[in-house]
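Visitor: Once you've had a glance at the structure underneath, I'll fire off some questions.
The values are calculated or read from the model by the stated rules, or taken from the named source; none is laboratory data. Note that the structure is a prediction, hence the values are computed from the model and not measured. Because the Cβ atoms are built from the backbone with ideal geometry, glycine has one as well, and the counts that use them run over all protein chains shown. Please note that ligands, DNA and RNA were not included when accessible areas were found on the heavy atoms of the full protein model with its side chains. Shrake-Rupley method; radii C 1.70, N 1.55, O 1.52, S 1.80 Å.
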Amino acid sequence: QVQLVESGGGLVQAGGSLRLSCAASGRTFSRYNVAWFRQAPGKERDFVAAIWYDTITNYADSVKGRFTISRDNAKNTVYLQMNSLKPEDTAVYFCAAAVGVSGTTPRLYPYWGQGTQVTVSS
C-alpha cells in the first residue's frame, strides 16, 4: 500500500550531521505514522524516533537532543535530522510506516524501506 525509500546516509566524522529522508510513494501517506529504526551488525533493530499523527514525536533516550524527526506530507517525505553524531550511531537506518499504531516496536510496523547506511568515524 505504501513504498518507502530511504536516502541521505553516508560516512561522516563524529560531531557531524546528516539528514535522512524517507520518501513514500503511497497517495495516502498522510494517514501513516512513521518511525525510524536502526540496526548495527549483530544487534537488535532498535527504535530511534517516531512521528505520530503529524505532530506527536518520540525519541529514544540515546538520541534525544541530537535527532529530530519531521514530515512533509505534501512531499510524502519524513526526515530524520541527525546532529552531533557519535560513532555509536553507526548502523543501517530504516524508516517504517503503519496505520493506527503509535508504538516503538518494529513488529508493529508492516511497511519498511530498504535501509540506508550511516557510518560515523571517530
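Visitor: Return the pair list, or none, for Cβ contacts closer than 8 Å from residues in segment 1-14 that are in a strand (DSSP E or B) to residues that are of a type in the set (Phe, Trp, Tyr) and open to solvent by 30 Å² or more (accessible area, probe 1.4 Å), at least 6 apart or on different chains.
Guide: Leu4/Tyr111; Leu4/Trp112
Visitor: Within segment 51-89, take every residue that is farther than 17 Å from Gly113 by Cα and crowded, with 18+ Cβ neighbours inside 10 Å and give me the one that is farthest from the chain's Cα centre (by Cα).
Guide: Per the criteria, the residue is Leu85.
Visitor: So is Thr116 among the polar types (S, T, N, Q), at negative phi and open to solvent by less than 60 Å² (accessible area, probe 1.4 Å) or not?
Guide: So Thr116 fits the description; yes.
Visitor: Ok, one more. Please pick out the residue among Arg45, Arg19, Arg38 that is of a type in the set (Lys, Arg), open to solvent by less than 50 Å² (accessible area, probe 1.4 Å), modelled with pLDDT of 95 or more and under 13 Å from Tyr93 (Cβ atoms). Lay out the reasoning, then the answer.
Guide: Working: Arg45 fails: open to solvent by less than 50 Å² (accessible area, probe 1.4 Å); Arg19 fails: open to solvent by less than 50 Å² (accessible area, probe 1.4 Å).
So the residue among Arg45, Arg19, Arg38 that is of a type in the set (Lys, Arg), open to solvent by less than 50 Å² (accessible area, probe 1.4 Å), modelled with pLDDT of 95 or more and under 13 Å from Tyr93 (Cβ atoms) is Arg38.
Visitor: Name the strands (runs of 3 or more DSSP E) wholly inside segment 18-122 in which the number of residues that are in contact (Cβ under 8 Å) with a residue 12 or more places away in the chain, in contact with a Leu (Cβ under 7 Å, 6 or more places away or on another chain) and closer than 19 Å to Ser7 by Cα is 1 or more. Write out each step before concluding.
Guide: On the way: elements: 18-24, 33-39, 46-52, 56-59, 67-72, 77-82, 91-98, 116-121.
Where strands (runs of 3 or more DSSP E) fall fully within segment 18-122 and carry at least 1 residues being in contact (Cβ under 8 Å) with a residue 12 or more places away in the chain, in contact with a Leu (Cβ under 7 Å, 6 or more places away or on another chain) and closer than 19 Å to Ser7 by Cα, they are 18-24, 33-39, 46-52, 67-72, 77-82, 91-98, 116-121.
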